[in-house]
Amino acid sequence: MESAHRGKQSIVFSDPPAILSFASVAGKKESEGPLGNTFDITSKDTKFGQKTWEKAETQMQKTVMELALQKARLREDQLDAAFVGDLLNQCVGSSFCMRDKNIPTLGLYGACSTMAESLMLAAMSVNAGYCRTALALTSSHFASSERQYRFPLGYGGQRTPTAQWTVTGAGAAVLGQKGNGPFVLNATIGSVIDAGIKDAANMGAAMAPAAYETIRAHFDDLSTAPEDYDLIVTGDLGQLGHQIVTEFFDRDGVKIEDRFQDCGVMIFDLKGQDVHCGGSGCGCSASVLCGHLLQRMARHEIKKLLFCGTGALLSPLTTQQGESIPAVCHAVTISTERS
């Protein structure tokens, strides 16, 4: 059997899995942003009819999964595996979503890189024949994340200019062996990179080196360049992290700026919505991918997309202990054509 491994850390799928369906859910603030009309479902109620923000996150996952399955015309018992994750401790949002579903489930934690990680692992499983169908599902919630990582909202803590706003949103994609696409062609598994940043309110700077290293490895491993893609999207570096990655490639003599965007910058009006450096949270890239980006691919406005999920791998405990913030980025190529 021919090896699917390429270069240092990339994988090429011999029979690229098809994205059979995709769906997105978002909150009130996200619905008021530039991409508001691209989400399948939005809610003005930040608790989504639940008693707590954490239960709201579980409800978002249930809603977006049901919608993605409905679009794919599949039942829950026709899923061979689900790759799910969120930002809560022990991924309880995902676990409580799946606890009554009787779906084989693998819980993931890659912070804001989780959507790219789940999509990549689902594609690996389908391509290898371990699954006929697989679900990639990710979410985050502003209020549950603030309660876990920072201060109680009632405290009224001041945000620094480099801070980002955790997105209330979820995205789901169903992958299968046969379909009309778009297709997952290949992927690059990121290494954990620590640039020594200790400021938990400056995650863009902490994640930017990981994004740069993974994208550069992707180009090297697969002998590609920025011009081979219609769009290269990170999620979610925010305005500062996006600028840093652009400068890193400029230093190498590689121009990506004209086709390089970031989900955290795209999802909000940075000036009008007072989100400082933009959006964050694994629901940010999940909802942007499974809404705006894949919709554009369905209309053939984007034919080849390099989707790069970026995650800051910190916890409140490590921050309190004065640790720096490791980060990771995983990259996935999605194309309207199977080759």
> Do we have any residue at all in region 45-52 that's out of contact with any Cys (no Cβ under 6 Å at 6 or more places or on another chain) and surrounded by 24 or more Cβ atoms within 10 Å (Cβ to Cβ)?
Replying inline: no
> Looking only at region 219-238, which residues are hydrophobic (A, V, I, L, M, F, W, C) and assigned to a loop (DSSP other than H, G, I, E, B)?
Replying inline: ALA225, LEU237
> Of the residues that make up region 35-54, is at least one over 25 Å from LEU270 (Cβ atoms), part of a helix (DSSP H, G or I) and in contact (Cβ under 8 Å) with a residue 24 or more places away in the chain?
Replying inline: yes
> How many residues are more than 14 Å from ALA116 (Cα to Cα) and not in a loop (DSSP other than H, G, I, E, B) if we restrict to region 328-339?
Replying inline: 1
> Any chance region 248-260 includes a residue that's in a strand (DSSP E or B) and modelled with pLDDT of 95 or more?
Replying inline: yes
>> If I ask for residues that are touching a residue at least 12 places away in the same chain (Cβ under 8 Å), small (Gly, Ala, Ser) and surrounded by fewer than 24 Cβ atoms within 10 Å (Cβ to Cβ), which ones from region 221-276 would you list?
In response: ALA225
>> Tell me whether region 201-214 contains one or more residues that are out of contact with any helix residue (DSSP H, G or I) (no Cβ under 7 Å at 6 or more places or on another chain), over 21 Å from ALA116 (Cβ atoms) and either among the aromatic types (Phe, Trp, Tyr) or modelled with pLDDT of 95 or more (or both).
In response: no
>> Take ASP199 and tell me if it is under 16 Å from ILE325 (Cα atoms), outside any helix (DSSP H, G or I) and either over 20 Å from the mean Cα position of the chain (by Cα) or hydroxyl-bearing (Ser, Thr, Tyr) (or both).
In response: yes
>> Which numbered condition in (1) without any contact (Cβ under 8 Å) to a residue 60 or more places away in the chain; (2) hydrophobic (A, V, I, L, M, F, W, C); (3) within 15 Å of ILE334 (Cα to Cα) is the only one that ALA205 fails?
In response: (3)
> What number of residues within region 92-129 are closer than 26 Å to SER280 by Cβ, touching a residue at least 60 places away in the same chain (Cβ under 8 Å), in a helix (DSSP H, G or I) and not acidic (Asp, Glu)?
Replying inline: 10
> Among LYS55, LYS8, LYS71, which is the only one that is under 19 Å from SER145 (Cα atoms), surrounded by fewer than 19 Cβ atoms within 10 Å (Cβ to Cβ) and either more than 19 Å from the chain's Cα centre (by Cα) or among the polar types (S, T, N, Q) (or both)?
Replying inline: LYS55
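The values are calculated or read from the model by the stated rules, or taken from the named source; none is laboratory data. The shown structure was predicted, so the numbers you read here are calculated from the model rather than taken from an experiment. No Cβ is skipped: glycine too gets one built from the backbone with ideal geometry, and neighbour counts run over all protein chains shown.
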